[in-house]
1. Might you work out the accessible area of A:SER41 for me, using a 1.4 Å probe with all protein chains in place, and round it to the nearest 10 Å²?
2. For the range A:14-65, which whole-number percentage of the solvent-accessible area (1.4 Å probe, protein heavy atoms only) is attributable to carbon and sulfur atoms?
3. Which entries of A:LYS93/A:LYS116; A:LYS53/A:LYS86; A:LYS49/A:LYS93; A:LYS86/A:LYS107 have Cα-Cα distances beyond 26 Å here?
4. How big is the dipole moment of the range A:25-65 about its Cα centre under a simple scheme where the beta carbon of each Lys and Arg is +1, that of each Asp and Glu is -1, and everything else is neutral? Debye, nearest 20, please.
5. In the range A:30-119, with Lys and Arg counted as +1 and Asp and Glu as -1 at Cβ, which of these residues, A:THR51, A:ALA95, A:THR112, has the Cα nearest the positive end of the dipole, that is, farthest along it?
6. Report the calculated FRET efficiency for A:LYS49 and A:THR73 (r = Cβ-Cβ distance, R0 = 41 Å), to the nearest 0.05.
7. Please sort by residue number the trypsin sites (Lys or Arg not before Pro) in the range A:23-69 whose DSSP state is loop and whose Cβ has at most 12 other Cβ atoms within 10 Å.
8. What accessible area per residue, rounded to a whole number of Å², is obtained for the range A:14-65 using a probe radius of 1.4 Å?
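The values are calculated or read from the model by the stated rules, or taken from the named source; none is laboratory data. The shown structure was predicted, so the numbers you read here are calculated from the model rather than taken from an experiment. Note that we place each Cβ from the backbone using ideal geometry, even for glycine, and neighbour counts take in every protein chain shown. Remember, those area values only see protein heavy atoms, side chains included, never the ligands or the DNA or RNA. Shrake-Rupley method; radii C 1.70, N 1.55, O 1.52, S 1.80 Å.
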Amino acid sequence: MEKKSMSSSPDVEVRKGPWTMEEDLILINYIANHGEGVWNSLARSAGLKRTGKSCRLRWLNYLRPDVRRGNITPEEQLLIMELHAKWGNRWSKIAKHLPGRTDNEIKNYWRTRIQKHIKQAENFSGQTSSGHTDQATTSSTQTCNAVNPMETYSPPYDNFQNFSGPFPTETNENMWSMEDLWSMQLLNSD
DNA sequence: AAGAATATCAACCGCAACCGG
DNA sequence: GCCGGTTGCGGTTGATATTCT
């Protein structure tokens, strides 16, 4: 069952699963003082029992100071849909056009929110050819008065007009905020 | 109120591309 | 050109949260 770690000595135990606050702080602190580098050696030098890959992922998707969390705006959603229509599942490419957003976040958002509604729309169109939209599947989420990208955007997804995005308001209240972590890091460094 | 079903998202995995020796 | 190490990407999984019955 022992999984070989990427190039580090095999006898070193490797932690998996959710990151702890301590691990986050170690990683933030280390990168603040030494900068990013070769992730495998960074993980070792920092004393983290994680693979370099895991550290990189954690940093890029969560700990970076410029990462934006929650609140995918209607504008961002529109952009995601446009770029996805253009490029398909090129999440990292799409993410480059959404400052502060990560490919993982966009991918998750697409799969959980948008793709679901596409499927629903497809199912609906399979049942009836009427243009009269069935709001039953989406009306429960229609609580946002913000401009709905669907009203202005006609992507290749023909039946997508039914979708009214959930447009989360204030979400992602993590156990500790990034501001907290960074302020702790500032206290730690030096 | 409790259990089941569903949604969400962080993290892992495998693979391919890249790079330096 | 080959090889081993590293990075980046996209798909998938699993834990947790939320909603439904």
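1. 40
2. The nonpolar share, carbon plus sulfur, comes to 54 percent.
3. Violating the 26 Å Cα-Cα cut-off are A:LYS53/A:LYS86; A:LYS49/A:LYS93.
4. That gives a dipole near 180 debye.
5. Most positive-ward Cα: A:THR51.
6. Between A:LYS49 and A:THR73 the formula returns 0.60.
7. Sparse-neighbourhood loop trypsin sites (Lys or Arg not before Pro): none present.
8. Dividing the accessible area of the range A:14-65 by its residue count gives 52 Å².
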